[in-house]
Amino acid sequence: MEQLARQIAADNDVSAYVLELAHAAKAASQVLACAATARKNLALVEIANALRNERAAILEANSADLAAASALEPALIDRLKLNDERIEAMVAGVLEVAELPDPVGAITDLCYRPSGIQVGRMRVALGVIGIIYESRPNVTADAAALCLKAGNAALLRGGSEAQHSNLAIARCIRAGLEAAALPPTAVQVMATKDRAAVGHMLALDDLVDVVVPRGGKGLIERVSREARMPVIKHLDGVCHVFLDDAADTGKARRIAFNAKTQRYGTCNTMETLLATPTAAAAVFPRLLDDYIAAGVELRGCERTCALHSAVAAASEADWYAEYLSAILAIRVVDDLDAAIAHIRLYGSQHTDAIVTENFANARRFLAEVDSSSVIVNASTRFADGFEYGLGAEIGISTDKFHARGPVGLEGLTSQKWIVLGDGQIRE
């Protein structure tokens, strides 16, 4: 009973802490929603300056995180690690957001109605955005910059393995907000490692307007299951590249190789390669050797296995797999119809690409593949906010509401109807 009482007291403490942060964020969001673009940009510039000036302190904090995380897998250590180059990239990202057009207050579709009123839509901030993420400390700066520029307050819950780094970055963000005379509570990083904090935040739908999970499938599934507010997310990145009969051989080889090997652990990395028999015969002899030389494990259908002795037989599970590693599933399909059918069955509606010189086939692929990004003659690795011209992104959404694909500034706002009149009344 005594242990249970201590646990209840601890949970209550965490609950009260999260509630306090959320109330402060809600109050700050009302100020940010009306903040002038110049003031928000000043805050971003001051945040960037603070990140540069506090580089040594950030690296020291990161060293403490790395020392405590020595048992993690090398890939996770790499995500956690900061250095001069990565801090400078954070600075550049924040400054880039400052240069982007401010979406808040933009009026579109303004038109006169027969009554004489004008009707249009104005873009507005969402309010308080809760962001739950793992490993990468740079997300703290990216998320803060995007939320701030879009007029939102941010409540950030980073992974416990990066807490020292996140809090050091948070101090820079606070300094930038204060220098611009904006509420320092507009961006708050939770200073608790208690996992119960996530559950408490997900229950505050009266204070937190939307939540964004960034991390592994387990985290995203939990947030999707428990959140009482809307969630911007994607669960899987099972991305495909399809080599059509009319694919240019050189383009096909470059695109398919880059889509898999440019970086293995990202959600827009190709996990399944599809090709018609004609394309496979023309491209696979050299392409499969390229993969093997790069250390990629190949798992294929019977027709693929017959083309190269190094290809192991794929299982049904391989077509659903998001490997996030140097493993590739390969399938020879009869034609475009079969490729589209495969993507519909096994894909995750993230990013899918076709390589073809046939305009009609490209148009069909664009129209019939229902993914958040559909690409013609380019690598799936381009499905990224920076590459799309959005600046830093908060994440990628495979939902159809309210944002889809890479979520940048506009995805962190909503719209309201506005009506301009001059004394009109409804008869």
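In this structure, is GLU221 among the charged types (D, E, K, R), surrounded by 23 or more Cβ atoms within 10 Å (Cβ to Cβ) and farther than 14 Å from ILE131 by Cα?
no
Against the conditions (1) of a type in the set (Gly, Ala, Ser); (2) in contact with a Leu (Cβ under 6 Å, 6 or more places away or on another chain); (3) closer than 23 Å to ALA252 by Cα, where does GLY391 fall short? Just the number, please.
The failed condition is (3).
Can you name every one of the strands (runs of 3 or more DSSP E) wholly within segment 170-246 that holds 2 or more residues which are within 21 Å of GLU271 (Cβ to Cβ)?
210-214, 239-243
When segment 95-134 is examined, which residues are found to be β-branched (Val, Ile, Thr) and either closer than 30 Å to LEU80 by Cβ or surrounded by fewer than 16 Cβ atoms within 10 Å (Cβ to Cβ) (or both)?
Within segment 95-134, VAL97, ILE107, THR108, ILE117, VAL119, VAL128, ILE129, ILE131, ILE132 meet the criteria.
Can you find a residue that is closer than 30 Å to TYR291 by Cα, in the same structural domain as VAL407 (by TED's automatic domain parsing), surrounded by fewer than 21 Cβ atoms within 10 Å (Cβ to Cβ) and not charged (D, E, K, R) anywhere in segment 239-246?
no
Given the residues SER397, SER371, SER348, SER379, which is the only one that is within 24 Å of GLY93 (Cα to Cα) and touching a Ser or Thr at 6+ places or on another chain (Cβ under 9 Å)?
So the residue among SER397, SER371, SER348, SER379 that is within 24 Å of GLY93 (Cα to Cα) and touching a Ser or Thr at 6+ places or on another chain (Cβ under 9 Å) is SER397.
Okay, residues lined up against (1) surrounded by 20 or more Cβ atoms within 10 Å (Cβ to Cβ); (2) charged (D, E, K, R); (3) more than 30 Å from LEU146 (Cβ to Cβ):
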{"site": "LEU345", "(1), (2), (3)": "no, no, yes"}
{"site": "GLN349", "(1), (2), (3)": "yes, no, no"}
{"site": "GLU357", "(1), (2), (3)": "no, yes, yes"}
{"site": "ASN361", "(1), (2), (3)": "yes, no, yes"}
{"site": "ALA367", "(1), (2), (3)": "no, no, yes"}
{"site": "SER373", "(1), (2), (3)": "yes, no, no"}
{"site": "SER379", "(1), (2), (3)": "yes, no, no"}
{"site": "PHE382", "(1), (2), (3)": "no, no, no"}
{"site": "GLU387", "(1), (2), (3)": "no, yes, no"}
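Only one of TRP319, TRP417 is touching a residue at least 40 places away in the same chain (Cβ under 8 Å) and farther than 24 Å from ILE255 by Cα. Can you tell me which?
Just one listed residue meets the conditions, TRP417.
State yes or no: is LEU177 within 24 Å of ASP13 (Cα to Cα) and crowded, with 19+ Cβ neighbours inside 10 Å?
So LEU177 does not fit the description; no.
Is it the case that some residue within segment 290-298 is at pLDDT 95 or above, closer than 29 Å to LEU80 by Cα and buried (at least 23 other Cβ atoms within 10 Å of the Cβ)?
Looking for residues that are at pLDDT 95 or above, closer than 29 Å to LEU80 by Cα and buried (at least 23 other Cβ atoms within 10 Å of the Cβ), one finds at least one in segment 290-298, hence yes.
Would you check if there is a residue in segment 404-426 being touching a Cys at 6+ places or on another chain (Cβ under 9 Å), among the hydrophobic types (A, V, I, L, M, F, W, C), assigned to a loop (DSSP other than H, G, I, E, B) and modelled with pLDDT of 90 or more?
No, segment 404-426 contains no residue that is touching a Cys at 6+ places or on another chain (Cβ under 9 Å), among the hydrophobic types (A, V, I, L, M, F, W, C), assigned to a loop (DSSP other than H, G, I, E, B) and modelled with pLDDT of 90 or more.
Consider GLY250 carefully, then state whether it is small (Gly, Ala, Ser) and part of a loop (DSSP other than H, G, I, E, B).
For GLY250, the condition - small (Gly, Ala, Ser) and part of a loop (DSSP other than H, G, I, E, B) - is not met.
Kindly indicate whether any position in segment 243-255 is closer than 27 Å to ILE87 by Cα and in contact with a strand residue (DSSP E or B) (Cβ under 8 Å, 6 or more places away or on another chain).
The answer is no; no qualifying residue exists.
Every residue in segment 209-228 that is farther than 17 Å from GLY405 by Cα and touching a strand residue (DSSP E or B) at 6+ places or on another chain (Cβ under 6 Å), please.
Of everything in segment 209-228, those that are farther than 17 Å from GLY405 by Cα and touching a strand residue (DSSP E or B) at 6+ places or on another chain (Cβ under 6 Å) turn out to be ASP209, LEU219, VAL223, SER224, ALA227.
The values are calculated or read from the model by the stated rules, or taken from the named source; none is laboratory data. Computed from a prediction, not measured in an experiment: that's the story for all the values here. So basically every Cβ, Gly included, is an ideal-geometry build from the backbone, and we count neighbours across all protein chains shown.
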